[in-house]
Amino acid sequence: MESSDTANTIYQLGLLIKHKAHNLGFDACGFARVEEVNHQHGSRLLQWLAEGHHGRMKYMENYREQRLDPSVLVPEAKSVVALAINYHQENFQPAEAHYKISQYAAGIDYHYVVKSKLYQLLEFIQQHIPAQNARVFTDSAPVLERYWAQRAGLGAPGKNSCLILPRKGSYFFLAEIILDVELCYDQPLEKDFCGTCSLCMDACPNKAIVEPGKIDARKCISYLTIELKDDVPEEFVGKTSQYIFGCDICQQVCPHNKSFATPCNEHDFQPLSAISLWNKADWDNLQKKTFRKHLLKTKSSLARVSFDKLMNSMKSI
């Protein structure tokens, strides 16, 4: 009887957490049991690294033990609370801007926005149940976000490796809370959302999707314009499809996004004035002081790259 009461309490706690997550603006929330990443997924990661597909993202080589086992990252961890929040934007840049920005970077850097919501959710959880060891994450530590989101039933990866949420698409930021509390776990979503469709693979200008689910970052426009701290290599000059920060091409052609994507409701993801108003001349005449005022101080995602890197990406169009 006590076991049944405990199970019911855990179930009710889960409902409360999901309700609170929704109120905070998250579009999906699920729970996964902490355990070592399954051998198949772990092997794919190690092979991807061995083949050098991570390019110069050397940090991907570090903390392998933590990537493959969250209990190493968070002592005595029992649960992953996986979350997703919509960032989809439509027509957020004027046609005369010329230089393209990935829609996820239209507003305030998601690291600030999402992490604030995570801390509020964790505070709510700790008001209902003691969690001695707990951490929040959003693309900020060695956590395999898409893997845990799938384990928590949020979605399944497409051929472009982006997580597809059923009847919602893939324009979502992912985030996690890992904590030492048992929850009522959701069923993993083991589903092929792509079938024979290869639109994302065909649309990628540099053929960075070398096989379903495997990206060669060295050819990816997002990598070339953000993660690669050096100048865009000569072989890719003129091959970034006018993008100077990130890329949306593989998601734009995805049938799931064409059918189900809806504009986001988060105020902080709405376009900053620099993104929504600047034309080609504004970008061409951009100076460091303007970069600091309109992008760095406004907490734009574009502040993740240096002024010189941004200028080089513009020259590489």
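The values are calculated or read from the model by the stated rules, or taken from the named source; none is laboratory data. Bear in mind the structure is a predicted one, so any value in this text is a computation, not a measurement. Quick reminder, even Gly has a Cβ in these numbers, built from the backbone with ideal geometry, and neighbours come from all protein chains shown. Calculation scope for accessible area: heavy atoms of the full protein, side chains included, ligands and nucleic acids excluded. Shrake-Rupley method; radii C 1.70, N 1.55, O 1.52, S 1.80 Å.
Spin-label pair residue 128-residue 210: with each label point 7 Å from Cα along the Cα-Cβ axis, the two points sit 4.4 nm from one another. Taking amide H positions as placed 1.01 Å from N in the peptide plane, with prolines and chain starts having none, which residues 5 or more places from residue 28, or on another chain, fall under 5 Å of its amide H? For residue 28, the qualifying residues are 84. Computed from point charges on the beta carbon alone (+1 for Lys and Arg, -1 for Asp and Glu), the dipole magnitude for the chain about its Cα centre is near 900 Debye. Once the GluC sites (Glu not before Pro) in DSSP loops with at most 14 neighbouring Cβ atoms within 10 Å are cut out of the chain, the longest remaining piece is 191-317. Here the Karplus curve 6.51 cos²θ - 1.76 cosθ + 1.60, taken at θ = phi - 60°, turns the phi angles of segment 226-231 into couplings of 10, 5, 6, 6, 7, 5 Hz, with x standing for Gly and Pro. Within the chain, the selection of entire DSSP H helices by a Cα span of 18 Å or greater along the long axis and an average Kyte-Doolittle value of at least -1.0 returns 2-23, 110-128.
In the chain, a dipole from Cβ-located charges (positive for Lys and Arg, negative for Asp and Glu) runs towards its positive end, and of 303, 240, 97 it is 97 whose Cα lies farthest in that direction. Rolling a 1.4 Å probe over the protein heavy atoms gives the chain an accessible area of 49 Å² per residue. About its Cα centre, segment 184-250 has a charge dipole of approximately 80 debye under the convention of +1 per Lys or Arg Cβ and -1 per Asp or Glu Cβ, with nothing else charged.
For trypsin sites (Lys or Arg not before Pro), the sites in segment 42-102 that DSSP calls loop and that have at most 14 other Cβ atoms within 10 Å are 56.
Among the trypsin sites (Lys or Arg not before Pro) found in segment 230-316, those both in a DSSP coil and sparsely packed, with 11 or fewer other Cβ atoms within 10 Å of their Cβ, are 297.
Rounded to the nearest 0.05, the FRET efficiency derived from the C-beta distance between residue 235 and residue 281 at R0 = 35 Å is 0.75.
Fully extending the segment from residue 6 to residue 56 would add 13.2 nm, taking 0.36 nm per residue of separation and subtracting the current Cα-Cα distance.
Other residues lying with their Cβ under 12 Å from the Cβ of residue 134 contribute a combined charge of -2, Lys and Arg counting +1, Asp and Glu -1. Bridging of residue 117 to lysines at a Cα separation below 17 Å is possible for 18, 20, 299, once same-chain residues fewer than 8 apart are set aside. The distance linking segment 233-264 with segment 59-121 is 18 Å (Cα centroid to Cα centroid, whole angstrom). For the chain, the Cys residues with no second cysteine's beta carbon closer than 4.7 Å are 29, 162, 184, 194, 197, 204, 220, 247, 254, 264. Overall, segment 46-146 carries a charge dipole of about 120 debye about its Cα centre when +1 sits on the Cβ of Lys and Arg and -1 on the Cβ of Asp and Glu, all other atoms neutral.
Between 204, 31, 291, whose Cα lies farthest towards the positive end of the dipole of the chain when Lys and Arg beta carbons carry +1 and Asp and Glu beta carbons carry -1, centred on the Cα centre? Comparing the listed Cα positions along the dipole, 291 ranks first. Extension gain for the segment residue 290 to residue 139, taken as residue separation times 0.36 nm less the Cα-Cα distance, is 51.6 nm to one decimal. In the chain, helices alone account for a calculated mean residue ellipticity at 222 nm of -9000 deg cm²/dmol, with every DSSP H run of four or more residues adding -39,500 (n - 2.57).
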